[in-house]
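Notes follow the structure.
The values are calculated or read from the model by the stated rules, or taken from the named source; none is laboratory data. Here the structure is a predicted model, which is why all the values come from computation and not from measurement. Here the Cβ positions follow ideal geometry from the backbone for every residue, glycine too, while neighbour counts run over all protein chains shown.
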Amino acid sequence: MAPVAFLFFYLAMLANAVVFSALGQGGGVLYTPIQLFFGIDFHTAAATTLFLVMVTSLSSTLVFRKAGVVDWPMALALESTTTLGGFFGGLYSGHFTGRFLTFLFSGVIAFAAVFMVRTFSGVTCNTRRFYCWQRRLGEERYAVNLALALPISFVAGAVSGLIGVAGGILKVPMMVLLFGVPMNIAVGSSAFMVGLTASGGFLGHLKAGHVDWRVALALAPGIFVAGQIGARKAVKVDKRRMRVWFGYFLMALAAFLAARAASAR
């Protein structure tokens, strides 16, 4: 990649880290398309993305932990199956063509865009059921349906590993819509969880030989700083307005990726 092209590439990746860390997500939903735009192979891009998500997660989690909006027990419980799914997704991603994975990727983006644009109410869990895990963080109280949460988390992890994202784009809607987790806690917990999911997917890609360490290590320091900036902004900005505008952007991106995949031979 030419020096000028790499500069634009680097700046685009940093900007992406700032925006997504503010939303409690790793940024994989755009890390991969940016790399594809600059001519990087899908499987290599997916592996690099997962590594960078690990960096972003570590950086933003430090901020959200201080703000007291990370539900550590819930995050670790859900990640017990999500990380496993991410590993298998990354390991077997080589069995699918880049075209198929691009279509799958655009579908995931479209789903996330709808969630960002529209407001949904979460599903409550019957507190008398043994699988309804009662949670309390600060003044917030909610119950997580483990019978639903654990298998869905595995599937979300597998999809995340396949397409090279850490699932933040899926985790936040999943926690809010299906488990009734308050938005601020879902965002803070997701920031931590995406790092664990990414580690599973990254190990799968590493074993499959998809990692380009030169690009990954060159980007890591800047991504860490960008994650700090985004997470600090998240405490102050109107997340609802940011989510809506970004949701429309994701809809356009999903359509672009689907059209690109359809025209590819």
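Just wondering, is there one or more residues in the range 119-141 that are closer than 20 Å to Val244 by Cα and either at pLDDT 80 or above or in contact with a Gly (Cβ under 6 Å, 6 or more places away or on another chain) (or both)?
Yes: the range 119-141 contains one or more residues that are closer than 20 Å to Val244 by Cα and either at pLDDT 80 or above or in contact with a Gly (Cβ under 6 Å, 6 or more places away or on another chain) (or both).
Is at least one residue of the range 74-97 farther than 20 Å from Ala231 by Cα, acidic (Asp, Glu) and either in contact with an Asp or Glu (Cβ under 8 Å, 6 or more places away or on another chain) or assigned to a helix (DSSP H, G or I) (or both)?
yes
Is at least one residue of the range 77-91 over 19 Å from Ala220 (Cα atoms), surrounded by fewer than 15 Cβ atoms within 10 Å (Cβ to Cβ) and not aliphatic (A, V, I, L, M)?
yes
Here are some residues: Phe179, Phe202, Phe249. Which one is closer than 15 Å to Val18 by Cβ and either aromatic (Phe, Trp, Tyr) or at pLDDT 85 or above (or both)?
After ruling out the rest, the residue left standing is Phe249.
Of the residues that make up the range 61-69, is at least one at pLDDT 85 or above and assigned to a loop (DSSP other than H, G, I, E, B)?
Yes.
Only one residue in Val29, Val18, Val4 is without any contact (Cβ under 8 Å) to a residue 40 or more places away in the chain and assigned to a helix (DSSP H, G or I), so which one is that?
It is Val4.
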